[in-house]
Amino acid sequence: MAQGHRVIAAPPVNPETKPFWDAAAEGRLLIKKCLACGERHYYPRAICPFCFSDRTEWQPVSGRGTVYSYSVMRRAPVPYAIAYVTLEEGVTMMTNIVDCDFDRIRIGRAVSLVFKSSDGGPPVPMFTLSP
């Protein structure tokens with residue numbers, strides 16, 4: 001598990017995503033829900049990707065999910081795991097799996113939200129294996 005320290009680039013913050021990153025700085029994960037069609041979506045944006053309505057609102061999520069798919073990048077200078085995680089609320093997000101033995105990651109495995117510091121920006125939501 002000695003994976004070294006990987007520097008996480010600061011995410012771009014703009015007026016459209018600022019509430020998301022402000023919540024991340026407080027240890028909360030927000031997603032958008034469309035008030036027109038009822039669909040939740042991630043990555044945060046003002047316009048619903050399902051019906052193109054601008055009637056969206058921020059909603060907190062549980063921070064619990066399951067691994068939908070993943071890949072471990074072992075040839076990188078500092079190995080890391082990238083994954084799609086499906087949240088309990090139904091949204092699937094691309095993220096990293098951290099703070100675990102990468103050989104224990106499995107599709108369908110339960111994961112929990114953690115925030116990792118970025119290089120000069122807000123913390124970034126990632127996930128670790130649930131016990």
| query | Which is under 14 Å from L113 (Cα atoms) and of a type in the set (D, E, K, R), of E57, E26? | reply | E26
| remark: Reported set for segment 44-64 where residues are at positive phi and free of Cβ contacts under 8 Å to residues at least 24 places away in the same chain is F52
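A quick yes/no check of all residues on (1) modelled with pLDDT of 95 or more; (2) open to solvent by 40 Å² or more (accessible area, probe 1.4 Å); (3) of a type in the set (G, A, S):
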residue	(1), (2), (3)
A83	yes, no, yes
M94	yes, yes, no
I107	yes, yes, no
V111	yes, no, no
| request: Look through C48, C37 and report the one residue that is in a loop (DSSP other than H, G, I, E, B) and open to solvent by less than 40 Å² (accessible area, probe 1.4 Å). | output: C48
| task | Take segment 1-34 and flag every residue that is surrounded by 13 or more Cβ atoms within 10 Å (Cβ to Cβ) and either of a type in the set (K, R) or in contact with a Gly (Cβ under 9 Å, 6 or more places away or on another chain) (or both). | result | R6, I8, A10, P11, V13, W21, R28, L29, K32, K33
| Condition test on V67, is it in contact (Cβ under 8 Å) with a residue 40 or more places away in the chain, farther than 24 Å from W21 by Cβ and open to solvent by less than 40 Å² (accessible area, probe 1.4 Å)? | yes
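The values are calculated or read from the model by the stated rules, or taken from the named source; none is laboratory data. None of these values were measured; they are calculated from a predicted model. A quick note on method: Cβ atoms are made from the backbone with ideal geometry, for glycine too, and the neighbour counts reach across all protein chains shown. Keep in mind that these areas ignore ligands, DNA and RNA; they rest on the heavy atoms of the full protein, side chains included. Shrake-Rupley method; radii C 1.70, N 1.55, O 1.52, S 1.80 Å.
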